[in-house]
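A.B. asks: Structure provided below as structure tokens; questions to follow.
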Amino acid sequence: MTAETTIPDAAVAAVRDAEWVTVFTGAGMSAESGISTFRDADTGLWERFDPADLATPQAWARDPALVWGWYQWRARLVRDAEPNAGHHALADLASDRTVGVVTQNVDDLHERAGSHVVSHLHGSLFAPRCSNCGTPYHGVDADPDRAVEELRVEPPACPVCLSPVRPGVVWFGEALPEREWTRAESAVAGSDLMIVVGTSGIVYPAAALPERAVGRGVPVIEVNPEPSALSSTVTHRIAAPAAVGLPALLRAVRGA
Ligand code: OAD
């Protein structure tokens with residue numbers, strides 16, 4: 001454990017006792033990989049961009065090239081990033097218990113660290129699909145060297161029905177994908193510990209999952225350097241960033 005990071009003994013015991021852990025993550029999980037969160041002051045994406053222009057069905061209808069270009073830009077930032085020590089600690093945690101990740105993140109950093117991702121609640125930057133017939137799109141970026149600042153990019157045409165291909169993410173005003181939600185619910189219903197990392201806990205229905213775990217009497221550990229909307233609900237708090245708090249938790253669990 002680092003001198004600055006306090007890991008409550010009861011949290012360590014909860015991890016040691018757990019056989020099936022559901023990890024619920026938000027944007028703070030990837031912050032130390034260089035991926036911006038949404039709501040952190042100064043650096044959050046929603047501080048710099050208006051979600052109404054970029055992350056709604058109305059924005060897509062108005063200006064598909066702006067929306068497609070913005071998500072291409074975000075996908076490029078993720079492709080250039082690496083999983084951080086927090087992602088790796090979660091993958092390590094699965095060496096001696098079942099660990100399933102339910103993430104609100106649209107990046108693939110958990111997968112690249114080796115974790116089992118049960119559910120991408122808000123979709124994925126890497127699963128575009130036809131906006132009309134829903135056919136998954138597997139085409140590659142036509143111009144991988146395009147400057148990241150260039151935000152307007154015409155979306156490709158669906159090979160089946162020629163409609164524009166849309167980002168495979170959930171926008172404001174859209175329902176969560178049913179399969180992803182059902183898988184998340186099952187994970188929460190079956191696990192005996194939840195670890196919540198890097199989420200403000202204000203976007204529903206995702207934020208209801210930790211509340212549900214607490215309602216079942218399952219301990220919930222939060223890892224977040226700042227208090228969140230879930231902090232008063234969770235059982236244990238580790239006030240540290242993910243890339244510090246999660247490795248420290250793992251070391252404490254292993255008695256290292
Ligand atoms: P937010 O940007 O709302 O919250 C980020 C959280 O991460 C905050 O609680 C920060 O304190 C915390 N945080 C920052 N740095 C951290 C670090 N290094 N380690 C751990 N925690 C850190 O992001 P989300 O809660 O993920 O939805 O946002 C939820 C949803 O709102 C997103 O999935 C997205 C957004 O609009 C859609 O796009 C549908």
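A.B. asks: Taking H placed 1.01 Å from N in the peptide plane, check which residues at least 5 places from Phe24 or on another chain put their amide H under 5 Å from its amide H.
C.D. replies: Close amide H contacts, sequence-distant or interchain: Val102, Ile195, Val196, Val197.
A.B. asks: What number comes out for accessible area per residue over region 1-48 if the probe is 1.4 Å? Units Å², please. Don't skip to the answer; put the middle values down first.
C.D. replies: Working: 2470 Å² over 48 residues.
Accessible surface, normalised per residue, equals 51 Å².
A.B. asks: Okay, next question. Kindly provide the GluC sites (Glu not before Pro) of region 155-256 that DSSP labels as loop, not H, G, I, E or B, and whose Cβ sees at most 16 other Cβ atoms within 10 Å.
C.D. replies: When the GluC sites (Glu not before Pro) of region 155-256 are filtered for loop state and at most 16 Cβ neighbours within 10 Å, Glu174 remain.
A.B. asks: If packing is taken as the average count of other Cβ atoms within 10 Å, what order do 190-197, 11-18 fall into, highest mean first?
C.D. replies: Packing proxy ranking, top to bottom: 190-197, 11-18.
A.B. asks: So, R0 is 25 Å and r is the distance between the beta-carbons of Glu154 and Ile202; what FRET efficiency does that work out to, to 0.05?
C.D. replies: It comes to 0.15.
A.B. asks: Taking the Cα atoms of region 26-87, report the difference between the largest and smallest coordinate on each principal axis, in whole Å and largest first.
C.D. replies: Principal axes ranked by extent give 40, 24, 16 Å for the Cα atoms.
A.B. asks: Given a Förster distance of 25 angstrom, what is the FRET efficiency for Phe126 paired with Thr98, based on the Cβ-Cβ distance and rounded to 0.05?
C.D. replies: 0.50
A.B. asks: Continuing with the same structure: Using the heavy atoms of the protein chains alone and a 1.4 angstrom probe, what is the accessible area of region 104-256 per residue in square angstrom?
C.D. replies: On the way: 7030 Å² over 153 residues.
The answer is 46 Å² per residue.
A.B. asks: Sorting check: for 244-254, 67-77, which peptide has the highest mean count of neighbouring beta carbons within 10 Å, and how do the rest follow?
C.D. replies: 244-254, 67-77
A.B. asks: So what's the convex hull volume per residue for the Cα atoms of region 93-215, in Å³?
C.D. replies: It comes to 146 Å³ per residue, whole-number rounded.
A.B. asks: For the peptides 97-105, 224-232, what is the packing order when you average, over each peptide's residues, the other Cβ atoms within 10 Å and list the highest mean first?
C.D. replies: Working: 97-105: 23.7, 224-232: 15.8.
Put in order of decreasing packing, that is 97-105, 224-232.
A.B. asks: Pulled fully out, how much extra length does the chain show between Arg39 and Asp80, if you take 0.36 nm times their separation in residues and subtract their Cα-Cα distance?
C.D. replies: 12.6 nm
A.B. asks: For a label point 7 angstrom out from the Cα of His116 toward its Cβ, which stretches of region 25-40 have the backbone nitrogen within less than 18 Å?
C.D. replies: Only 25 pass the distance filter.
The values are calculated or read from the model by the stated rules, or taken from the named source; none is laboratory data. Quick caveat, the model's predicted, so the values are computed rather than measured. Counting neighbours? That spans all protein chains shown, and the Cβs are built from the backbone with ideal geometry, glycine included. Note: accessible area is taken over every heavy atom of the protein model, side chains too, but ligands, DNA and RNA are not part of it. Shrake-Rupley method; radii C 1.70, N 1.55, O 1.52, S 1.80 Å.
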